[in-house]
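Read the structure below first, then the notes.
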Amino acid sequence: MADNRFTTHAELFDLSGKRALVTGGTKGIGMMIARGLLQAGARVIISSRKAGTCAQAQHLLSEFGDVQAIPADLSRHDECRRLADLVEAGSEGLDILVNNAGAMWREPLETFPDEAWDTVLDLNVKSPFWLVQALLPALRRAGTADDPARIINIGSIAAIHVAESPNYSYAGSKAALHQLTRVLARELGPQQITVNAVAPGPFPSQMMAATLDAMGDTIAAKAPLRRLGRDDDMAGVAVFLASRAGSYLTGTVIPSDGGIATTASGT
């Protein structure tokens with residue numbers, strides 16, 4: 001029978017005892033999410049391609065909680081499988097999977113190369129699917145009817161409205177990830193796993209650095225909330241989706257963008 005008791009505010013967002021994997025968790029949006037999950041009480045594994053970057057991020061995040069870093073090139077199927085095997089070591093369940101690792105490629109239409117499709121689609125679409133496949137047993141072990149396991153895919157507002165920059169493969173890949181989120185949500189819901197996506201707008205990150213340096217003030221001025229995203233904005237939506245507060249939500253795409261995409265009157 002479902003647990004219908006009232007929870008305290010602290011319990012509603014508490015992740016104590018939970019175990020999470022955040023890909024691309026060594027910088028930018030991934031690090032914002034990892035920090036939020038740690039502060040809510042979760043044990044967090046972060047991953048990115050470079051060992052040095054992993055070690056540095058683990059050191060920075062360690063002040064917030066129990067964090068482990070595992071280097072892996074998630075554009076490769078075998079590396080996704082290797083990471084999953086390490087995460088599953090000891091037959092532990094996995095409560096939260098955050099598919100955040102991603103790539104962007106900006107280039108004009110006339111010169112946009114084949115590799116810009118392969119590189120971006122491998123990391124932005126195939127990698128999240130491969131990790132869900134590989135980690136499904138661990139997610140099933142963790143999920144219950146009252147407290148499902150969580151998959152959180154990091155999409156983009158580039159899949160909701162048309163950005164001005166020529167990011168053909170990126171926008172296409174994130175639209176695919178949004179739809180993949182819905183497809184997986186329908187299939188995995190009965191298996192006590194929720195699947196949701198967050199579509200970030202402009203947040204300070206390495207991927208957005210050049211754009212924000214060139215036109216950050218202009219972007220902020222056009223947003224209904226008149227600012228760029230902050231670390232707490234991304235940490236907050238991730239903790240909400242991962243906690244009891246978000247346990248009845250699945251198949252959604254949540255724009256975290258200050259209203260830029262959802263109120264846009266044009267491109």
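The values are calculated or read from the model by the stated rules, or taken from the named source; none is laboratory data. It should be emphasised that the depicted structure is a prediction, and the values quoted were computed from it without experimental measurement. Cβ coordinates were reconstructed from backbone atoms using ideal geometry, including for glycine residues, and neighbour counts include every protein chain displayed.
Being modelled with pLDDT of 80 or more, in a loop (DSSP other than H, G, I, E, B) and closer than 15 Å to GLY30 by Cβ is the filter here; which residues of the stretch 181-240 pass it?
PHE203
If a residue has to be of a type outside the set (A, V, I, L, M, F, W, C) and within 21 Å of GLY246 (Cα to Cα) to count, how many in the stretch 129-144 make the cut?
4
Criterion first (outside any loop (DSSP other than H, G, I, E, B), under 20 Å from the mean Cα position of the chain (by Cα), more than 27 Å from GLY172 (Cβ to Cβ) and modelled with pLDDT of 95 or more) does CYS80 satisfy it?
no
Got at least one residue in the stretch 52-61 being touching a Pro at 6+ places or on another chain (Cβ under 7 Å), surrounded by 15 or more Cβ atoms within 10 Å (Cβ to Cβ) and of a type in the set (A, V, I, L, M, F, W, C)?
So the first thing to find is which residues in the stretch 52-61 are touching a Pro at 6+ places or on another chain (Cβ under 7 Å), and the list is 54.
Subsequent filtering for residues that are surrounded by 15 or more Cβ atoms within 10 Å (Cβ to Cβ) retains 54.
Imposing the further condition that a residue be of a type in the set (A, V, I, L, M, F, W, C) reduces the set to 54.
Checked the stretch 52-61: at least one residue is touching a Pro at 6+ places or on another chain (Cβ under 7 Å), surrounded by 15 or more Cβ atoms within 10 Å (Cβ to Cβ) and of a type in the set (A, V, I, L, M, F, W, C).
Kindly indicate which of ALA138, ALA101, ALA145 is closer than 23 Å to ASP14 by Cβ and outside any helix (DSSP H, G or I).
On inspection, the qualifying residue turns out to be ALA145.
Quick one: LYS18 ticks every box in (1) modelled with pLDDT of 95 or more; (2) over 20 Å from ASP232 (Cβ atoms); (3) of a type in the set (Lys, Arg) bar one, so which box is it?
Here LYS18 meets the rest and fails (2).
Just checking, does the stretch 65-74 include any residue being within 19 Å of the chain's Cα centre (by Cα), assigned to a helix (DSSP H, G or I) and not small (Gly, Ala, Ser)?
No, the stretch 65-74 contains no residue that is within 19 Å of the chain's Cα centre (by Cα), assigned to a helix (DSSP H, G or I) and not small (Gly, Ala, Ser).
For the list (1) of a type in the set (S, T, N, Q); (2) touching a Lys or Arg at 6+ places or on another chain (Cβ under 7 Å); (3) modelled with pLDDT of 95 or more, I need the number of the one condition that ASN167 fails.
(3)
Out of (1) crowded, with 23+ Cβ neighbours inside 10 Å; (2) at positive phi, the odd one out for GLY17 is which?
Of everything listed in (1) crowded, with 23+ Cβ neighbours inside 10 Å; (2) at positive phi, GLY17 misses just condition (1).
Among the listed residues LEU94, LEU60, which satisfies the condition of being modelled with pLDDT of 95 or more and either under 21 Å from SER156 (Cβ atoms) or in contact with a Lys or Arg (Cβ under 7 Å, 6 or more places away or on another chain) (or both)? Don't jump to the end; show me each part of the working.
On the way: LEU60 fails: either under 21 Å from SER156 (Cβ atoms) or in contact with a Lys or Arg (Cβ under 7 Å, 6 or more places away or on another chain) (or both).
Only one candidate qualifies: LEU94.
Which residue pairs have Cβ atoms under 8 Å apart, sit 6 or more places apart or on different chains, and have a first residue in the stretch 229-241 that is in contact (Cβ under 8 Å) with a residue 60 or more places away in the chain and a second that is part of a helix (DSSP H, G or I) and β-branched (Val, Ile, Thr)?
MET234/ILE29; MET234/ILE33; ALA235/ILE33; ALA238/ILE33
Considering the stretch 6-50 alone, what residues qualify as being small (Gly, Ala, Ser) and not in a loop (DSSP other than H, G, I, E, B)?
Passing the criteria: ALA10, ALA20, GLY28, GLY30, ALA34, GLY36, SER47, SER48.
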